[in-house]
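Here's the structure, in structure tokens; my notes come after.
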Amino acid sequence: MKIGKQTIKLKNTPKILETSSAVGPKESNGPLGIYFDIKCSDVFYGEKSFEKAESKFMKSAIDNLLYKLNLTNEKIDYIFAGDLLNQCIASGYCIRDLQIPFFGLYGACSTFVEALMLSSLFVNSGYGTKVLASASSHFCSAERQFRLPLEHGNQKPPTAQCTVTGSGVALLVPHDIEKKVPVVTYVTPGKIIDMGIKDMSNMGAAMAPAAFDTIITHLKDTERKPEYYDAIITGDLGKEGTDILIELCKNYSVDISTVHRDCGKEIFDLNERDINSGGSGCACIAAVFSSYFYQELKEKRLNRILLVATGALMSPISIGQGESIPSVAHAIAIENEV
Amino acid sequence: MFSEYLYVFITGGVICSIGQVLIDKTKLTPARILVIFVVLGVIFTATGIYKPIVDFGKAGATVPISGFGYSLANGVIEGVKEKGFMGIFTGGVTATSAGITAAIVFGYIGALVSKPKLK
Amino acid sequence: MEEDKIKMTNKEYSEYVDGKAKKSPIIKNIIFAFISGGFICVIGQIITNICVYYKIEVKDAATISIVSLIFLGAFLTSIHVYSRIGKYAGAGSVIPITGFSNSIVAPAIEYKSEGYVLGLGANMFKIAGPVLVYGIFSSFIVGFIYWLMLFVR
């Protein structure tokens with residue numbers, strides 16, 4: 001049911017039955033290292049190319065989730081998935097092997113929440129009883145897609161971010177499954193916001209206005225205060241983006257500074273060289289939600305979270321043509337039932 | 001002897017520092033910086049500005065990519081002197097052929113033996 | 001619902017963001033670029049001087065030194081060292097001819113996975129190609145103008 005300007009209230013509140021995550025070496029050694037399910041110390045993951053490795057990260061995250069629940073892939077109705085590569089090849093080739101009906105998504109770094117949103121809507125309206133949502137990214141394949149070759153000796157500006165290597169996956173099931181797990185209550189798909197930022201190495205600044213727009217709209221539509229949530233979690237705004245988002249909200253006299261958290265800031269040790277402003281990529285929020293935050297929810301240290309993933313929808317071609325960076329943010333409210 | 005190396009060091013250092021200022025202040029990509037330097041090298045050589053810098057700084061002025069422009073411009077001018085009109089087409093690349101060939105050959109071999117790796 | 005919008009124009013936002021962005025440590029970067037760039041040039045001069053010492057003509061000696069530096073750049077790139085140097089040296093490792101060599105080997109290594117012709121071969125000059133294009137083109141213009149001057153005289 002649509003409420004307010006653009007929020008949907010899910011009256012059947014689908015459940016997030018299980019999650020699973022797989023990450024690369026840098027993430028495994030980061031502050032959240034202990035929470036991830038699969039940690040691979042090889043960025044190639046035994047494959048010949050980075051693209052294949054990215055596929056394998058998603059594949060092992062999904063396989064691990066099925067294993068946890070003792071399910072087979074035939075039992076899954078649909079999967080919503082996406083990544084950062086051209087034509088979404090990481091997800092495409094991964095799901096080729098799984099034989100699950102597939103919806104390919106592109107929302108840049110917002111893909112995971114977009115997938116979560118759509119799969120919960122699917123389950124909510126009864127079109128499926130077991131729907132997967134997944135997203136992946138890989139530092140090396142993303143650098144190839146968007147930036148300079150890895151071996152090129154160049155410096156990154158302090159506002160640059162480091163793409164997370166890995167994948168996260170969540171399984172959505174109808175509410176009548178007997179199990180105490182977090183449920184999805186509201187989703188707020190975002191509009192595309194573009195404040196004219198053109199700098200590819202300052203994505204936080206390009207995406208913060210989209211996060212602001214979606215968060216404010218969500219709070220207004222649901223008539224909730226920021227304090228209602230134990231945490232408002234953004235995907236990959238990084239240091240700069242976080243500061244900007246908090247200030248934008250403050251100018252609008254909404255204070256989110258006490259509840260706001262950013263996966264990009266938490267997944268890496270920000271003092272490390274080359275991390276600069278923090279993590280980014282589809283896998284940033286996907287892996288961090290599927291491991292750390294899901295566990296926090298299950299163990300009731302957090303009870304109500306608003307997951308907001310931001311995505312920058314540019315391509316090297318549009319940047320080459322002098323276009324600015326359009327951004328989108330999707331929000332999903334995940335809560336423990338009392 | 002020592003003062004020669006000092007001049008080389010200073011000249012090379014100053015040219016690279018100019019590049020660093022461009023990178024940090026203008027957000028130009030490395031490819032653009034290289035293009036700017038090589039074209040400036042050609043122009044400054046043609047207008048006679050670069051020659052004194054090379055005389056002073058030697059390798060400090062020829063090793064930076066602007067030195068590549070210096071070789072190109074010198075080569076084409078000499079080519080025109082020797083061969084007339086045809087020299088416009090042959091002079092520049094002839095003078096830099098060793099560098100270009102070396103870059104392709106070593107580049108190819110380097111790529112063959114190396115495997116991509118995360119830093 | 002105009003009041004939901006950010007009360008800033010794109011230009012104001014852009015200025016606001018620039019003020020927020022953490023600046024590159026420019027003084028430190030320049031010092032590192034100066035030292036590393038100067039150092040690479042000194043290596044070039046040492047090679048030239050050694051050649052001259054062994055009675056090689058100055059012009060050939062300079063060529064040998066450039067070729068050696070190109071080899072050095074390619075070698076350090078293929079053993080994954082050049083990119084690390086670049087993190088500290090910045091322009092000091094981009095501007096010298098070793099950086100030119102690095103910018104050829106780096107994409108070549110990476111695009112090898114797409115085959116030797118259309119991957120490695122076609123992408124080798126992805127970054128360095130423009131240098132050749134604009135360098136050679138501008139030398140053509142210089143040559144043409146010089147020829148005209150001789151011709152008119």
Next item on the list: Out of the residues in region A:13-37 that are in a loop (DSSP other than H, G, I, E, B) and out of contact with any Ser or Thr (no Cβ under 8 Å at 6 or more places or on another chain), state the one that is farthest from A:TYR292 (Cα to Cα).
Entry: A:ASN29
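Filtering region C:107-127 down to residues that are part of a loop (DSSP other than H, G, I, E, B) and out of contact with any His (no Cβ under 8 Å at 6 or more places or on another chain), which residue is surrounded by the most Cβ atoms within 10 Å (Cβ to Cβ)?
Once the filter is applied, the top-ranked residue is C:MET124.
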Item checked: Of residues in region B:10-23 being more than 16 Å from B:PRO52 (Cα to Cα) and in contact (Cβ under 8 Å) with a residue 12 or more places away in the chain, the one surrounded by the most Cβ atoms within 10 Å (Cβ to Cβ) -> B:CYS16
Margin query: So for region A:138-161 (the condition being assigned to a strand (DSSP E or B) and either closer than 30 Å to A:VAL254 by Cα or not assigned by TED's automatic domain parsing to the domain that holds A:ASP236 (or both)), does at least one residue qualify?
Written below: no
Checklist line | Conditions (1) in contact with a helix residue (DSSP H, G or I) (Cβ under 9 Å, 6 or more places away or on another chain); (2) assigned by TED's automatic domain parsing to the domain that holds A:LEU65; (3) not basic (Lys, Arg); number of the one not met by A:VAL123 | finding: (1)
Note to self: Condition check: under 29 Å from B:VAL21 (Cα atoms) and either touching a residue at least 40 places away in the same chain (Cβ under 8 Å) or aliphatic (A, V, I, L, M) (or both). Does C:THR98 satisfy that?
What the structure shows: yes
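For C:ILE50, are the conditions met, namely being more than 23 Å from A:MET195 (Cα to Cα) and either aromatic (Phe, Trp, Tyr) or within 11 Å of chain B (Cβ to nearest Cβ) (or both)?
Considered against the rule, which asks whether it is more than 23 Å from A:MET195 (Cα to Cα) and either aromatic (Phe, Trp, Tyr) or within 11 Å of chain B (Cβ to nearest Cβ) (or both), C:ILE50 comes out as no.
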Notebook entry, point to check: For region A:28-42, which residues satisfy the criterion of being among the acidic types (Asp, Glu) and touching a Pro at 6+ places or on another chain (Cβ under 9 Å)?
Noted result: A:ASP42
Item checked: Within region A:129-168, tally of residues that are aromatic (Phe, Trp, Tyr) and under 18 Å from the mean Cα position of the chain (by Cα) -> 1
Item checked: Filtered residue count, region C:133-142, keeping only those that are of a type outside the set (Ser, Thr, Tyr) and at the interface with chain B (Cβ under 7 Å from one of its Cβ atoms) -> 4
Check: So, of the residues in region B:86-109 that are more than 7 Å from chain C (Cβ to nearest Cβ) and surrounded by 21 or more Cβ atoms within 10 Å (Cβ to Cβ), which turns out to be nearest to C:PHE125 (Cα to Cα)?
Finding: B:THR96
Note to self: For the structure I just gave you, tell me whether C:ILE56 is of a type in the set (A, V, I, L, M), at pLDDT 95 or above and either surrounded by fewer than 21 Cβ atoms within 10 Å (Cβ to Cβ) or under 30 Å from A:ILE216 (Cβ atoms) (or both).
What the structure shows: no
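The values are calculated or read from the model by the stated rules, or taken from the named source; none is laboratory data. These numbers were taken from a predicted model, which means no experiment stands behind them. Please note: Cβ atoms are built from the backbone with ideal geometry, for glycine as well, and neighbour counts cover all protein chains shown.
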